[in-house]
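Beneath this line is the structure, given in structure tokens, with notes to follow.
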Amino acid sequence: MTSVESRREPAVIGLLGGMSWPSTITYYRAINEAVAGRLGGSHSARIVIWSQDYAEVEERQLAEDWQGAGELLALGARRLEAAGADLLAIACNTMHRVADAVRAAGSLPLIDIVEVTAEAARGRGITRAAVLGTRFTAEGGQFARALTARGIEPVLPAPGDQALIDRLIYEELCLGTVSAPGAAAFRDLRARLCADGVDGVVLACTELGLLLTPAERAARELVDTVEAHVDALVNASLKADPPG
């Protein structure tokens, strides 16, 4: 038997993407880099992507039509399963409000970005974490519950700071724009939160990492949901210990 024949075949990752397309590019690159780093040589990931038209998702978010949003992602999940995916991931924090609709759409397991991120925060010894994402993520309470269950106090942004985050996400990052003023404003927000006593900052939006330099992303107190999610997805694909 050759080495190729004896190698265990990785599970196919089914990625519900397009929310937004810039963060889906980040996911695709990070997943492939992680697989190559673990397997070496010219290895890359087994992955199928359903790229949703984000305008359709955003319309439902802003109308707070979560049933309609869930139906969109459930359809994408069924298409991924039909295309041969073995597991699912929603490449968007806000849309984990409809995770149950995705789970109910078929038989594939969903690797939950909220749970794996909360576990990563606990692994770093964080005790008080600022949760930075869209207002829908903040209001949904998924991160607050997951962090609290692990003994971590969640801290949500003040209304003015939340408005800044939403503006950066919806008016810049989701459109593929990373501005110097936006990055500076976000850097100032993180500094103020740390000065106020948080020992962890959760980037609870898959686009927010685009505002950071590599050195900033490497900071111990920074927990990027994309990094935690990608790590869990690659573990699951390569048959490592499952997350959570």
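For every residue, the table says whether it meets (1) among the charged types (D, E, K, R); (2) over 20 Å from Val226 (Cα atoms); (3) surrounded by 15 or more Cβ atoms within 10 Å (Cβ to Cβ).
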| residue | (1), (2), (3) |
| --- | --- |
| Glu9 | yes, yes, no |
| Gly17 | no, no, yes |
| Glu33 | yes, no, no |
| Gly41 | no, yes, no |
| Ala55 | no, yes, no |
| Glu59 | yes, yes, no |
| Trp66 | no, yes, yes |
| Gly70 | no, yes, yes |
| Ala77 | no, no, yes |
- Query: Any residue at all in the range 110-117 that is farther than 21 Å from Thr26 by Cα, in contact with a Lys or Arg (Cβ under 7 Å, 6 or more places away or on another chain) and not small (Gly, Ala, Ser)?
  - Reply: no
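Kindly indicate whether Ala228 is farther than 22 Å from Leu156 by Cα and either out of contact with any His (no Cβ under 6 Å at 6 or more places or on another chain) or surrounded by 22 or more Cβ atoms within 10 Å (Cβ to Cβ) (or both). Break it down into steps so the answer makes sense when it comes.
Working: farther than 22 Å from Leu156 by Cα: no; either out of contact with any His (no Cβ under 6 Å at 6 or more places or on another chain) or surrounded by 22 or more Cβ atoms within 10 Å (Cβ to Cβ) (or both): yes.
The answer is no for Ala228.
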- Item | Unique residue being within 19 Å of Met19 (Cα to Cα), in contact with a helix residue (DSSP H, G or I) (Cβ under 9 Å, 6 or more places away or on another chain), modelled with pLDDT of 95 or more and polar (S, T, N, Q) when the list is Thr117, Thr206, Thr137 | Thr117
- Taking Ile90 and the conditions (1) buried (at least 21 other Cβ atoms within 10 Å of the Cβ); (2) at pLDDT 95 or above; (3) not assigned by TED's automatic domain parsing to the domain that holds Gly68, which numbered condition does it fall short on, given that it satisfies the others? (3)
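Scanning the range 144-197 for residues that are outside any loop (DSSP other than H, G, I, E, B) and among the polar types (S, T, N, Q), which turns out surrounded by the fewest Cβ atoms within 10 Å (Cβ to Cβ)?
In the first step, residues of the range 144-197 are kept if they are outside any loop (DSSP other than H, G, I, E, B); the result is 144-149, 153-155, 159-175, 180-195.
Those still in the list that are among the polar types (S, T, N, Q) too: 148, 162.
On the way: Thr148: 13, Gln162: 17.
Ranking the qualifying residues of the range 144-197, first place goes to Thr148.
The values are calculated or read from the model by the stated rules, or taken from the named source; none is laboratory data. Because the structure is a prediction, the values reported are computed rather than measured. Here the Cβ is made from the backbone with ideal geometry for all residues, glycine too, and neighbour counts use every protein chain on show.
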